[in-house]
Structures are given as structure tokens and as C-alpha cells.
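Worksheet: the structure to be examined is printed underneath.
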Amino acid sequence: MKLNDKNILLGVCGGIAAYKIPLLIRLLKKQGANVRVVVTRAATRFVTELTLSTLSQEPVCQDIFPDGSSTDEWTRHIAIGEWADAYVIAPATANTIAKLAAGICDDMLSASFITLRPNKPKLLFPAMDGEMFESASVQRNLSWLSEQGCIVVNPESGQLASGQCGTGRMPEPETITDVIEQAVTITQNDSVLRGKSVVITAGPTREKIDDVRFISNYSSGKMGFALAKAAAAKGAEVTLITGPVHLHTPEGVTRLNVESSEEMQNAVREHHTSCDIFIGAAAVADYRPVEAISGKFRKEHETMEISLVKNPDILAGFSEQKKAHQLAIGFSLETAGNLDHAKAKLKQKKLDLIAYNTFDGKTSGFEVDTNMLTLIDNSLSIQELPLLSKQKAAEKMLDAIEKLLNSSK
Ligand code: CTP
């Protein structure tokens, strides 16, 4: 039984394909899965709660606040999300897809979509009229959800409920079961990163001029945080050493806040021996004032000079002392066409992998949500990634790190 004791949360929306769901539940149960069903209000027009609860042997949930909600009922959207090993939404209608993409959570189905633990697969089986499926908004929402890591299984072509032919049919329950089994097995399969200690630096550093002023840069920390989230999702024990940023700590990640490059370096040093993989994603200020002025500097002169001294390279410092089993990964932020600089930096800093990060000030680089990376490993093999969300780019980087770990086994 391929799904033995796996907890499958099944979200059913209001589409005609919902008539296939009772059969899907039976197949999942046959494979040993525990199945709980959440429905939208519209879904109950197509398939009854009685049928779904009888087959799943569990009560069906719809409202976040059911009539006469008791204390444990109103937090059920959290409990259900935490319970699930996979969340399958079938059929996924255009309306629910839009809600999920926008983060709306006004019913049990959409709220538990958000509370699902980050390393658990989310599978969407869109089913609707062909023209609806091809519409710009549905395609935009699906591609956004897929960029966030959802597995979107495109509908099949054939005769639709409208009598017309087109692409919009939900796959048969047997096919859906196969896809769920695959997704759950892949996530179950231990990533080589599981249990590995990953230390990541992120964000800018602040180098004090006096007690109220500092030198810094525009780094938002988004790339480092995306890496932390992706590494935690693969089961790594992640320590995120971050300069001042306005970002939430990803679930399961230990965060250490630092301000200056010196503090960042000390925090990295403390983790040096225990760390298996070090990723330098921080934009460490290159220089700091030789001496910070104590108190507040007063503007008494027309000009002022600040003597700066180069900061130690935290990443190069790690590489210098790294043991054979440890990996050092870095970034090289360059304007386009400077791949050779990145290759030189890989050698200079004795890295195992470098992400050549083209900076264009608009879609790639600081502050924005997307990034264009070229990954170069220590054998100088090159993987050019397209413009991706930082989260997706982070996942691709971790795939490359997994490859390095597998090849060094
Ligand atoms: N890095 C670091 N400590 C520093 C400077 C950089 O750990 N003091 C790390 C960054 O986290 C990043 C990589 O080194 O992984 C960037 O290297 P750097 O030489 O600073 O590259 P650029 O910023 O691209 O600088 P430049 O081209 O000016 O040398």
C-alpha cells in the first residue's frame, strides 16, 4: 500500500468533476491513506457531504466557524493543515485558484491551504470549461502558484460538460492517485540535505559612523530568506544570520539578528565547526569606518572625511578553514556579461558553488522579488537559470547543492 498511513487532505471545489471524488477517496483509502475532506459551499451542490464523510470515515469540513463552534472547532483550519502530509485540490475551480493565488482564506479549504506545513506537497487539479482554463487570469494564477512550489496537473482534453471539446477535464481518479503517490514518495525520499546543518547569511550589514548613522546597502535579505525556507523544506537544520531586514523568519529556521559585519563574522565563526554547508547570501558592506564616533557627530564643517577600512571576507574566511565535508557557497553580483568575474571569485574564495547574480536594477538584484542566476560549480560546469521568483531560484540552487553532495558521496 503506497500511501500507508499518509494523511491526505482533499479539497473539493464546486465543479462537475466533483462527481469523481467519491471514487478517488475509495482509491486513496485502498492505498492505506487517511483521508479528510474539506469542501467549498459550491462543492456540496455537486456531491453530498454524507457521501464524502461516509467514504472517508471522517466528518467533512466547510466553514471555519461552524454553527455552535466549540474551542477546538475554530482552530481546526490550523490543525488540519498541520495534520496533512499532502493537500490535493480536485477539482480546482477558477474561483478557488484565484483565491489561493491571492492568499484569501475565507473558508476551510482556502485557510487550510495556507496552514499546510511548507515541506508538504500541494497538488492542484484544475477542471473547468476549456476557455476558462485558457483565460489569462487563470493561467496567471496557476503559473504563480506553480512558482510557489504547487504541483499543478493540467486538465486533459476531451468532451466537456458543456458538450464542447476542449482542455478542461479533470484526470480520472486512478491518474490522480498515481500523481499523489509520486508526490508523497518524492517528499518522503530523504533529501541529502535532511539533518544537515546549513548556515546562511542574509541582508545588509550596517557599519556605524556614529551612534545615529551608518553605512549600508539596499539588500532586502529576500534571497537569503528564500534559501533558508527552501533548505528547511528539504529537512535541513537552518541557521539564518541576518542583518537588519523587514522579513518574517521562515518556519523551522533559527534566526540570529546581527548588525555589523563584525557581528556577522563572529556569529558565523561560532557555527563554523558544526556547519555542513555555508551559504553567503548577505551583502556584507565592503568597508567600515576605521573608528565609529561615539555619540552624535555635529555638522560643524563644510566637508568631512571618513576613513574606511576593508571588512574581512566572511565567506572567504569560512572557505579558508573548511574541512573536506563542508561546502562553501557564495554569490557574485555583477552587471550582465561578467561571468568571468564570477568564475574568478569562485576560485579566489575556494568555493564549491557560486551564483552569478546579474544586476539590472529592475528585475534582478536587490529588493526585487525575482532573480536571474547562473550557477557555476567547482568543476566550472554552468547552469543558466531564467528569470525566476527568488523562492524558485533558491530551490534551484538547493537542487544544485544536493547534486554536489550526491557526487561527493
Ligand atoms: N562576502 C562575505 N563577506 C564580505 C564580502 C562578501 O561573506 N566581506 C560574500 C557575500 O555574502 C557573497 C560574496 O561574498 O556571497 C560576494 O563577494 P564580493 O567579493 O563582495 O562580491 P561583490 O559584491 O560582487 O564584490 P566586488 O565585485 O566588488 O568584489
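Just so you know, all these numbers are worked out from the coordinates, no wet-lab data involved. Source: prediction; values computed, not measured. Every residue, glycine as well, gets a Cβ built from its backbone with ideal geometry; the counts of neighbours run over all protein chains shown.
Estimated translational diffusion coefficient (Stokes-Einstein, Kirkwood radius over Cα pairs, 37 °C, 0.692 mPa s) of the range 1-155: 212 µm² per second. Projecting label points 7 angstrom from Cα along Cα→Cβ for Arg117 and Glu302 puts them 6.7 nm apart. In the chain, the longest principal axis of the Cα atoms and the axis of helix 261-270 are about 70 degrees apart.
About the centre of its Cα atoms, the range 197-407 shows a dipole size close to 220 debye [charges on the beta carbon of Lys, Arg (+1) and Asp, Glu (-1) only; nearest 20 debye]. Within the shell of other residues whose beta carbon sits under 13 angstrom from the beta carbon of Leu256, the net charge comes to -1, with Lys and Arg scored +1 and Asp and Glu -1. For the chain, a simple Cβ point-charge model (Lys and Arg +1, Asp and Glu -1, everything else neutral) yields a dipole of about 580 debye relative to the Cα centre. Length gained on full extension, Leu23 to Asp210: 60.4 nm, using 0.36 nm per residue less the C-alpha separation. In terms of other Cβ atoms within 10 Å, Asp210, Asp107, Asp5, Asp369 run from fewest to most in the order Asp5, Asp369, Asp210, Asp107. The stretch between Arg45 and Thr185 holds 47.0 nm of extra length on full extension. This uses 0.36 nm per residue minus the Cα-Cα distance. Compared with the dominant Cα axis of the chain, that is its longest principal axis, helix 21-30 is turned about 70°. For the range 119-257, the number of Lys pairs separated by eight or more positions or lying on different chains, with C-alpha atoms closer than 28 Å, is 13.
Here His77, His272, His301 are placed in order of increasing Cβ neighbour count within 10 Å, fewest first, which gives His301, His272, His77.
At the listed q of 0.09, 0.17 Å⁻¹, the Debye profile of the range 198-335, built from one uniform point per Cα, gives log10 I(q)/I(0) equal to -0.29, -0.89.
FRET efficiency for the Glu131 to Asp369 pair, using the beta carbon distance and R₀ = 30 Å, is estimated at 0.50. Distance distribution P(r), the range 153-228, all Cα-Cα pairs, bin width 10 angstrom from 0: 14, 19, 18, 17, 16, 11, 5, 1 percent. For the chain, the C-alpha radius of gyration divided by 2.2 N^0.38 Å, with N the number of residues, is 1.16. Measuring spread by the Cα atoms of the range 274-360 yields a radius of gyration and Dmax of 17.4, 55 Å. Taking a ≥ b ≥ c as the square roots of the Cα gyration tensor eigenvalues, with a/c under 1.5 meaning rounded and otherwise prolate when a/b beats b/c, else oblate, which class fits the range 83-207? It is prolate, given that a/c is not under 1.5 and a/b is the larger ratio. The overall shape of the range 132-177, judged from the alpha-carbon gyration tensor, is oblate: a/c is not under 1.5, and a/b is no greater than b/c.
Taking other Cβ atoms within 10 Å as a rough exposure proxy, Met372, Met223 sort from fewest to most as Met372, Met223.
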